[in-house]
Amino acid sequence: MRTRTFTLYIAATPDRVWRALTDPAETRRYYLGLAVDSTWTPGAPIVFRTAQGPVPDALHGEIIHAIPGSCLIHNIFTGVGAEQEAHCWLTWDLTAVDEGALTRVCLSCDDLDGRADPERDEAWSRVVSGLKTVVEAGAARM
């Protein structure tokens, strides 16, 4: 397994950042064009949708742990059935700083295959950077 951590600070409350992480209309603006949809409760599926619909047989996952405004843990799988392969575990930790006016966002990516993948690292960097941009400025960033 290979773990990478991306940490940044967003000028917003943890509840505002949580909303950006869990609202499909907002995720589409920074999550590489994908609407990320779930009920956000442990055991619930997580679905990744393009503008045309769910990403067929490509990405899906399950919510492992969710505390609104604080912590979200989920996995991402690729493929279906016998061809399904665990891709990674994601942990989003949100911590209020400066009396809640600022949120420390820490994304830990545990890649189960353990291989270095610069493109995957770049994609996660773009996601967290885009999250900050959308929350602070409302601008879309892909």
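Numbers for the structure displayed
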quantity: Selection from the stretch 129-142 of residues that are modelled with pLDDT of 90 or more, of a type outside the set (Asp, Glu) and within 18 Å of Asp15 (Cβ to Cβ); calculated: Leu131, Lys132, Val134, Val135
quantity: So Cys106, is it assigned to a strand (DSSP E or B), at pLDDT below 90 and under 14 Å from the mean Cα position of the chain (by Cα); calculated: no
quantity: Test for Asp37: is it at pLDDT 85 or above and touching a Lys or Arg at 6+ places or on another chain (Cβ under 7 Å); calculated: yes
quantity: Selection status of Val47, in contact with a Leu (Cβ under 6 Å, 6 or more places away or on another chain) and closer than 19 Å to Cys109 by Cα; calculated: no
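The values are calculated or read from the model by the stated rules, or taken from the named source; none is laboratory data. Because the structure is predicted, anything quoted here is derived from the model rather than measured. We place every Cβ from the backbone using ideal geometry, glycine too, and count neighbours over all the protein chains shown.
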